[in-house]
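So the structure is just underneath, and the comments pick up after that.
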Amino acid sequence: MTAENSSIHSRRHDAPLTFDNARQLDFFERYPTACSISQVIQASPPETSTRIGVFGEWGEGKTTVLNFVEGAEKTKRNIVVRISPLDIGDARMARQKMVDNFLAPGTQISSPEWLVTQ
């Protein structure tokens, strides 16, 4: 496959882009949006709870934007936790998944109060 064919092929492919190939393959210019989101994250006061939503129809680039944001945050040595709503049944499961992502393998916690769902 030639470089020209590779470029044409990648434009037609529907797989989300990653941070590593952002600049070469970001034909729809989602990277600047991800940079703006990353700046909002950096500017958010640590004592507040900042929420950012990425909305769009299937195939509009939500996962690509999230991949770009994740890559930008990881280059700043920030912790990134990705949780798919498809993997979560309720709020307790979401909180447990967050804790699991922060704990080292094999580490156990004994029912922290903030994990209990009312």
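Values in this text are rule-based calculations from the coordinates and carry no lab data. Since this is a predicted model, take the numbers as computed values, not measurements. For neighbour counting, all protein chains shown are included, and Cβ atoms are generated from backbone atoms with ideal geometry for every residue, glycine included.
Working from label points 7 Å from Cα in the Cα-to-Cβ sense, the S84 to S49 distance is 2.6 nm.
Values of log10 I(q)/I(0) for segment 16-98 across q = 0.12, 0.20, 0.26 Å⁻¹ run -0.40, -1.04, -1.35, by the Debye formula with one identical scatterer at each alpha carbon and no solvent. Highest average first, the peptides 49-58, 22-31 ordered by how many other beta carbon atoms sit within 10 Å of their residues are 22-31, 49-58.
In a reduced charge model with +1 at each Lys and Arg Cβ and -1 at each Asp and Glu Cβ, segment 29-85 shows a dipole moment near 200 debye about its Cα centre.
Round to the nearest 0.05 the FRET efficiency obtained for M98 and Q24 when R0 = 25 Å and r is the Cβ-Cβ distance. List each step's numbers first, then the result.
Numbers: r = 33 Å, r/R0 = 1.31.
Efficiency at R0 = 25 Å is approximately 0.15.
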